[in-house]
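Taking it in order: structure first as structure tokens, then the write-up.
Values in this text are rule-based calculations from the coordinates and carry no lab data. Since we're looking at a predicted model, the values are computed, not measured. No Cβ is skipped: glycine too gets one built from the backbone with ideal geometry, and neighbour counts run over all protein chains shown.
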Amino acid sequence: MSTVTIGFIPRERFSVAAECLQRIYDRTHIPFKLIVVDCQIPKVYRQQIENVLEGQRNVKFIHTDHHLLPNQCRNLAIREAKDDFLCLLENDVLVEDGWLSRLIEACDEYPADVAAPLVLERLGQFEKVHFDDRLDDIKPIQTSDGIKLKILPRSTPKEDDRNASDRRTMKFIETHCMLFRTEVFDRIGEFDESITAQEEVDVSLALYDKQVPIVFEPKAVVTFLPPPPIYPDEKEYYYLKWNPDTYRQDYLHVAKKCNLDNP
């Protein structure tokens, strides 16, 4: 049986982390190791997390005395992971029954080296499929500056994914939940720690460059819980990620690094 580590990674806030962590234990029915990255989590939320983990085995905390960006947190988990697979799961994601085993099966059976679940957004009447419609395919094109890569938008409604029954290859993944064969990082390297946003574009293009196959598994389902609320003790961390002064700079950085034609 394949072995797997879950890297539980802060995204933009901490207040739903304990709920999402409890859901992992409630809805995951195969053995796993857990790495929790604690990048100066406020005390009240850290205590909630510790309460969930009380008595659990195969748990490792990585503590820092300052906030870290999500890609920095991901790299800490990568450096500690020793299992066949590493699932990088953000701390505001609720998983559903069978999510992890189905992702592993998708990699083994399709086959592929990276698997992505169906990501939903919000709960109840406001639930919808979560994916950036602008990210679907990658096409090399000839320009006056030579060959560049053009990102093509999706041509079908993303809500179609909700009713999908078959796995398929994909070029772009969302960072909310990603399953990797751990050896993939020997090929693509670590995540770019200079990026505060655009992580999904950057890692997807890194996988494309090294011809690492990605499979979409619609039967593995997770739900992203976006804010609000953002509580006062989370605001500093939230604005570390969502800094309007750096968002555009991040895109230009990725475009230059990955030789994109898109403006």
Exercise. Can you list the aspartates and glutamates whose alpha carbon sits under 15 Å from that of residue 43, skipping same-chain ones fewer than 8 residues off?
Worked result: 65, 233, 234, 236
For this session: Hey, can you grab everything whose amide H is under 5 Å from the amide H of residue 137? Only 5+ residues off in sequence or another chain; H modelled, so Pro and N-termini drop out.
Result: 152
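Please tell me the relative contact order of the stretch 164-263 in percent, rounded to the nearest whole number, where contacts are Cα pairs under 8 Å and at least six residues apart. All intermediate terms of the calculation are to be shown ahead of the outcome.
Details: 68 pairs, mean separation 38.6, N = 100.
Computed over the stretch 164-263, the figure is 39 percent.
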For this session: Determine the calculated [θ] at 222 nm for the chain from helices alone, applying -39500 (n - 2.57) to every DSSP H run no shorter than 4 residues and normalising by the residue count; nearest 500 deg cm²/dmol.
Result: -9000 deg cm²/dmol
Exercise. In nanometres, what is the gap between the two model label sites at residue 58 and residue 186, each 7 Å from Cα along Cα-to-Cβ?
Worked result: 2.2
Problem set entry | Hypothetical label at residue 193: residues of the stretch 19-54 whose amide nitrogen lies under 18 Å (7 Å Cα-Cβ projection) | 36-41
For this session: Choose one answer from 176, 63, 130: the residue with the largest mean-square fluctuation in a GNM of the chain with alpha-carbon springs under 10 Å.
Result: 63
Seminar exercise, completed: Between residue 261 and residues 5 or more places away or on another chain, the pairs with built amide H atoms under 5 Å apart involve 149, 150, 151
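Using DSSP to call loops (not H, G, I, E or B), can you name the GluC sites (Glu not before Pro) in the stretch 90-127 whose Cβ has at most 13 other Cβ atoms within 10 angstrom? Don't skip to the end; give the middle numbers.
Details: sites: 90, 96, 105, 109, 121, 127; in loops: 96, 127.
Taking the stretch 90-127 and a limit of 13 other Cβ atoms within 10 Å, the loop GluC sites (Glu not before Pro) found are 127.
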Problem set entry | Karplus (6.51, -1.76, 1.60) ³J(HN,Hα), θ = phi - 60°, over the stretch 182-194, in Hz, Gly and Pro reported as x | 4, 5, 4, 6, 5, 8, 9, x, 7, 6, 6, 7, 7
Exercise. Given a cut-off of under 8 Å on Cα pairs at least six residues apart, what relative contact order in percent is computed for the chain?
Worked result: 25
For this session: Collect residues whose amide H, placed 1.01 Å from N in the peptide plane, falls under 5 Å from the amide H of residue 91; neighbours closer than 5 in sequence don't count.
Result: 9, 11
For this session: Output ³J(HN,Hα) for the stretch 238-249: one whole-Hz value per residue in order, computed from phi by the Karplus curve 6.51 cos²θ - 1.76 cosθ + 1.60 with θ = phi - 60°, and x for Gly and Pro.
Result: 4, 7, 5, 7, 9, 9, x, 6, 9, 4, 5, 4
Exercise. If each Cα of the stretch 4-257 is one equal point scatterer, what is log10 of I(q)/I(0) from the Debye formula at q = 0.10, 0.15 Å⁻¹?
Worked result: -0.47, -1.12
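For a quick check of your reading of the filter: which GluC sites (Glu not before Pro) in the stretch 131-226 sit in a DSSP loop and have no more than 16 other Cβ atoms within 10 Å? Numbers along the way, then the final one.
Working: sites: 159, 174, 183, 190, 193, 199, 200; in loops: 174, 183, 190, 193.
The qualifying sites are 183, 190, 193.
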Seminar exercise, completed: At the level of C-alpha centres, the distance separating the stretch 198-231 and the stretch 1-67, in angstrom, is 19
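What is the stretch 10-65's relative contact order, in percent, from Cα pairs under 8 angstrom and six or more apart in sequence?
Working: 47 pairs, mean separation 25.6, N = 56.
That works out to 46 percent.
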For this session: Please identify every one of the trypsin sites (Lys or Arg not before Pro) in the stretch 125-154 that sits in a loop by DSSP and has no more than 13 other beta carbons within 10 Å of its own beta carbon.
Result: 134
Seminar exercise, completed: Along the stretch 210-215, Karplus-curve 3J(HN,Hα) (6.51, -1.76, 1.60; θ = phi - 60°) to the nearest Hz, with x for Gly and Pro, reads 9, 6, 8, x, 10, 10
